[in-house]
Each structure stands twice: as C-alpha cells, then as structure tokens.
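Report on the following structure.
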Amino acid sequence: MRLLGYGDRGILAEFDTLQETMAGYAAMRTSEPAGVVELVPAARTVLVVIDPRKLSLTATRHWLSTLAIDPNDTVAEQPSGTVVIPVRYDGVDLDQAAAIAGLSTEALVELHTATTWRCAFIGFAPGFAYLSGDGVDLAMPRRKTSRPTVRRGSVALAGEFTGIYPRDSAGGWQIIGTTDAELWSLDRDPPALIEPGSAVRFERAPVGAGGEVRG
C-alpha cells in the first residue's frame, strides 16, 4: 500500500490489485477512527476523507500504515446481509457472452447465479456497482462499439465485473439479462441498493416476471 497526499482533507491509499484494494477497504472499515468522514474505494485506490478538526493527516497516515491487511479478506462489515436480485436471463448478448466464455448459455447462467458477488466499488453512474466474483472466470471484453442507450435494469458483464445499469445510459458491456431492482433512489437511506463491500446473489426469474429484491 502506498499513501499519497490528497489535499488537506484526504489521503489516497494505492494498491497493486483489485483484491488488495478490497482487502484494504475491508480493513479500514473495521477499524476506522473517529474523524474519518468517508472511504471511497475504486479499482486500485481507496480515498480516505477526514475532518481535520477531529483527525490530523499525520494521525491518518499512522493509522493506515499500521493496518493489518489480509489479502484474502475482502469483506467489509455491512449493516445488511446478502442482496438477492431476481434476473430474467433474456439479454441480447447472452448467447455471445456464453460463447466468449467457452460455456453453454445455461452453464453461464448457472455460474452467474451460483456465485456470491462482492461490490468492489461504485462508479460510472450513481448506484452502478462493480461486482467482483472471487475465483470466477467470466472475464468479458466490452463491445467494440457502445450502444447509445442501454435500458435501466440491464445486467451485464465486462472485464472481470458484472454490473446493473441503474438508469438508461450509453454503455458497452455485454448484456445478459434484465431486472426490475431499483439500484438508486433518493427516497431510500442509503440511496444505493448495493454499497462497497455488499454481498450480492443473482436469482433466476421467469422471463416476463418481476420478482422481489431481498436483503
């Protein structure tokens, strides 16, 4: 872990891999001192934002430098359990994604639903969770040309991640299904259905059915 300055209210912790980043974030969540305002994880960094009236940058650096980070521990403490999201596996790219992965369509769906995914970070759009499946090889190239519009609720694969589009937007991920889950709502506290560290399971829903989000 490398510690970089980030103005007078933050320190950026930099890691070499996604696994290390998730483990570092988990360690920070379980031991953060008073004065830490926010932890913002990304693919290779965690931004630590502080209230300098309660915690100095020097003390923050000391805390971070003495953290015991277990590379195998990527689970950050969360107030809720696993989020279960019903998915209709009717995506326009489902067959193509299965072929890229060297699987039958049914085998890809079974692997996607059998995996416990972990939210590594939020990005791209409010509520868009980058979900990582430890030990799961569904690495998928993005489309050569992005679609001008991907419908809200589209469940997709790209790189090492799976994700759900929280609103209509352009996008180049491989769409394998759809869900009615509301990923982002300002009427909910917190607004994001899935937060960094959250565990997520996908559950097959009949095509044409909605299903109920659990968790």
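General observations
- What a 1.4 Å probe finds exposed on the chain is 49% carbon and sulfur by accessible area, rounded to a whole percent.
- Near-label residues of segment 172-196 by backbone N, under 20 Å of a point 7 Å along Cα→Cβ of Val75: 194-196
- Once the Cα-Cα distance is subtracted from the 0.36 nm per residue extended length, the Val92 to Asp51 segment shows a gain of 10.1 nm.
- Here is how the number arises for the chain: DSSP H runs of 4 or more residues each give -39500 (n - 2.57), the sum is divided by the residue count, and the result at 222 nm is -5500 deg cm²/dmol.
- For Val136 and Arg188, the FRET efficiency from 1/(1 + (r/R0)^6), where r spans their Cβ atoms and R0 equals 30 Å, is about 0.55.
- Label separation (Ile100 vs Ser65): 4.3 nm, computed from points 7 Å beyond Cα along the C-beta direction.
- Among Ile175, Ile11, Ile100, residue whose mean-square fluctuation peaks in a GNM of the chain (springs only between Cα atoms under 10 Å): Ile100
- Whole-number D in µm²/s for segment 1-117 (Stokes-Einstein; Kirkwood sum over Cα pairs; 4 °C, 1.567 mPa s): 78 µm²/s
- Pair Val84, Arg204: separation of 7 Å Cα→Cβ label points (nm): 1.6 nm
- Phi-based couplings in Hz for segment 163-177 (Karplus 6.51, -1.76, 1.60; Gly and Pro marked x): x, 10, 6, x, 7, 4, 6, 5, x, x, 7, 7, 7, 10, x
- Solvent exposure of the chain amounts to 49 Å² per residue of accessible area, where only protein heavy atoms count and the probe is 1.4 Å.
- Extension gain from Glu38 to Tyr6, taking 0.36 nm per residue of separation minus the Cα-Cα distance: 10.2 nm
- Put simply, the convex hull of the Cα atoms in the chain casts, on average, a shadow of 12.5 nm².
- Along its principal axes, segment 90-215 has C-alpha extents of 41, 31, 30 angstrom, given from the largest down.
- Sparse-neighbour loop sites [trypsin sites (Lys or Arg not before Pro); segment 83-165; at most 15 other C-beta within 10 Å; DSSP]: Arg142, Lys144, Arg151
The values are calculated or read from the model by the stated rules, or taken from the named source; none is laboratory data. Just so it is clear, the model here is predicted, and its values are computed rather than measured. Using ideal geometry, Cβ is built from the backbone for each residue, glycine included, and neighbour counts are taken over all protein chains shown. What goes into the accessible areas is simple: the full protein's heavy atoms, side chains included, and nothing from ligands, DNA or RNA. Shrake-Rupley method; radii C 1.70, N 1.55, O 1.52, S 1.80 Å.
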